Amino acid sequence: MSVSVRIPTILRTYTGGNAEVSGEGATLREVLQKLDSDYPGIGARILDESGKIRRFVNVYVGQEDVRFAEGLDTAAPEGSEISIIPAVAGG
Amino acid sequence: MSLDFGPAVALSCRECGTRYDLGPSFACLECFGPLEVAYDFGTVTRSHIESGPTNIWRYQALLPVPVDVAAKQNMNPGWTKLVKAGNLGRTLGIKSLHIKDDSGNPTHSFKDRVVAIAVEAARNFGFHTLSCSSTGNLAGAVTAAAARAGLDACVFIPADLEQAKIAMARVFGGRLIGIEGTYDEVNRFCSELIGDPLGDKWGFVNVNLRPYYAEGSKTLAYEIAEQLGWRLPEQIVIPIASGSQLTKIDKGFKELVALGLVEDTPYKVFGAQALGCSPVSAAYKAGHDVVQPVKPDTIAKSLAIGNPADGPYVLDIARRTGGAVEDVTDAEIVAAIKLLASTEGIFAETAGGVTVGVLKKLVENGTLDPEAETVVLNTGVGLKTLDAVSSIAEPTAVIRPSLDAFRAI
């Protein structure tokens, strides 16, 4: 499946400054694996040593926070937009 | 550009400790962890603080602001009343109870404290526009502070907020944008805006200025300790939205101890949430150390953050200090607003109903010690959440102007 991945400012050093790159995979996990092979090192910024999404990163497939869906096993349908966003506080 | 942040010397990642130069950044490049301000305090004395102005700038030496901050165009919030709540204490069976009433701030919520610090950071970085994602109170605090400081404002809120909060945010000028979505979606929108040329030279007080902004909540800890006669309270009840305020009050208490300004006495921190948005309370009760996000549904809209960024730290602090995290229903929130009003003459917004409601519940279930000195926070004013008390928003009776008619009631 071909998807687009929105890259936050602090990870754009890996993507040559690109805010959006194309990705591939049936699930979020596969998309992130492919992303890491295209842009080596970016995966370790998003996932911790045990392979889980870092606790201060939010990942969305379309409009849905993947923590509400299947986490890394969330399906990545053809043409979907994946966003990686640092967690922020406020109120 | 020469920066002047007073005693602040660096930003430091709360997760992994990586240090960065002071700048408009908020997330660690290594691990995405939140960045915090690190200081070189030197010596700070009680008498130096006591000789300062009656607002948060009396604590300038403990904040990331320049030494001449009090002379700048700023809202000068803080030094709100610590009310000895004898009537409420007697009603609940608590021996010594105080209410830190932050509805006395310039725009009537604790948000003026954090925004005041963010304004000085925006000035330092040469930003022209002040912005935020907000559940309401923050939007008003930002537009007011921008007006005073001579900055442009553009703030973002969930479109379904209380009318009073919308009016409060609009009256000061600037742009107010309603987003069709929850606070968490507004927050996400702002995170994307910040990486876009549209948001260039904008200071988002709770995003790229967050490390500075968040420090403002420490002033609640400083004031409470000073107003108690330079002592730490034994128990404190704090509302939880993002969890930032509770985390920073704990940081403030620890700094006072480290600087020798108060004695190192134990204190217990209790967090308060509305049941309709209680991800931190749920995690606490389940014994988890991370927070599963929720979709909020509560009248306590100022606390309706379903994905609280500082939730894990709240869990750590409640457990470390021997406190707890508890939640109350919307009906209990309304009852607590009425209880506080009728015992102490303080009209709290829904967030104050949450803390007083949780205080009552914690005493009743034996979690909170009624013999220990206790402080409960009221962070906003009831006039902004009138809908919550609409059931009593009418006169007891309507009569003709005659004594007979009054006698007949």
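A few comments on the model shown:
- Inter-probe distance in nm under a simple model that places probes 7 Å from Cα toward Cβ, at B:D200 and B:Y20: 2.0
- The phi-based Karplus calculation (6.51 cos²θ - 1.76 cosθ + 1.60; θ = phi - 60°) puts the 3J(HN,Hα) values of the stretch B:55-63 at 7, 5, 6, 4, 9, 3, 5, 10, 10 Hz, whole numbers, x for Gly and Pro.
- Reach of A:K34 by Cα under 17 Å, taken over lysines that are not fewer than 8 positions away in the same chain: A:K52
- Local net charge near B:E226, Cβ-Cβ under 10 Å (Lys/Arg +1, Asp/Glu -1): +1
- Among B:F253, B:F406, B:F5, B:F189, a tally of other beta-carbon atoms within 10 Å of each Cβ gives an order, fewest to most, of B:F406, B:F189, B:F5, B:F253.
- Here the translational diffusion coefficient of chain B follows from Stokes-Einstein with Rh set to the Kirkwood radius across Cα pairs; for 4 °C and 1.567 mPa s it amounts to 60 µm²/s.
- Exposure proxy ranking for B:D369, B:D184, based on other Cβ atoms within 10 angstrom of each Cβ and starting from the fewest, stands as B:D369, B:D184.
- Mean Cβ neighbour count within 10 Å, used as a protection proxy, ranking B:294-303, B:64-73, B:327-336 highest first: B:294-303, B:327-336, B:64-73
- Using a simple spin-label model with pseudo-atoms 7 Å out from Cα toward Cβ, A:F68 and B:H288 lie 1.5 nm apart.
- Fewest-first ranking of A:E20, A:E49, B:E50, using other Cβ atoms within 10 Å as the exposure measure: A:E49, B:E50, A:E20
- Here the Karplus curve 6.51 cos²θ - 1.76 cosθ + 1.60, taken at θ = phi - 60°, turns the phi angles of the stretch B:380-386 into couplings of x, 9, x, 4, 7, 10, 4 Hz, with x standing for Gly and Pro.
- Separation of the alpha carbons by more than 30 angstrom is noted, of B:K81/B:K361; B:K254/B:K384; B:K285/B:K338; B:K295/B:K338; B:K301/B:K360, for B:K254/B:K384.
- Across the stretch B:262-409, Cα pairs under 8 Å and at least six residues apart give a relative contact order of 21 percent.
- Averaged over peptide A:51-57, the number of partner chain Cβ atoms lying within 10 Å of each residue's Cβ comes to 5.
- Residues of the stretch B:149-166 falling in the label zone of B:H128, defined by backbone nitrogen less than 20 Å from a point 7 Å along Cα to beta-carbon, are B:149-156.
- Residue among B:G52, B:G382, B:G357 with the largest mean-square fluctuation in a Gaussian network model of chain B, springs linking Cα atoms under 10 Å: B:G52
- Full-extension gain in nm, B:A159 to B:D40, via 0.36 nm per residue minus C-alpha separation: 38.6 nm
- FRET efficiency for the pair B:D297 and B:K81, taken as 1/(1 + (r/R0)^6) with r the Cβ-Cβ distance and R0 = 51 Å, rounds to 0.95.
- Inter-probe distance in nm under a simple model that places probes 7 Å from Cα toward Cβ, at B:A331 and B:H48: 5.4
- Under 20 Å from the Cα of B:K72 - lysines, other chains or at least 8 residues apart: B:K111
- Computed extension gain for B:R319 through B:T396, at 0.36 nm per residue and net of the alpha carbon distance, reaches 23.1 nm.
- Whole-number percent relative contact order across the stretch A:2-86, with pairs defined as alpha carbons under 8 Å at least 6 apart: 39
- Chain B: relative contact order as a whole-number percent, Cα under 8 Å and 6+ apart: 16
- Per residue of B:184-197, other chain Cβ atoms within 10 Å of the residue Cβ number 4 on average.
- Cα centroid separation - the stretch B:39-94 against the stretch A:17-91, whole Å: 42
- Linear extension gain, B:T265 paired with B:D369, 0.36 nm per residue minus alpha-carbon span: 35.9 nm
- Chain A - convex hull of alpha carbons, volume per residue in Å³: 95
Every number in this text was worked out from the coordinates using simple rules, so none of it is lab data. Remember, predicted model here, so these are calculated numbers, not experimental data. Because the Cβ atoms are built from the backbone with ideal geometry, glycine has one as well, and the counts that use them run over all protein chains shown.
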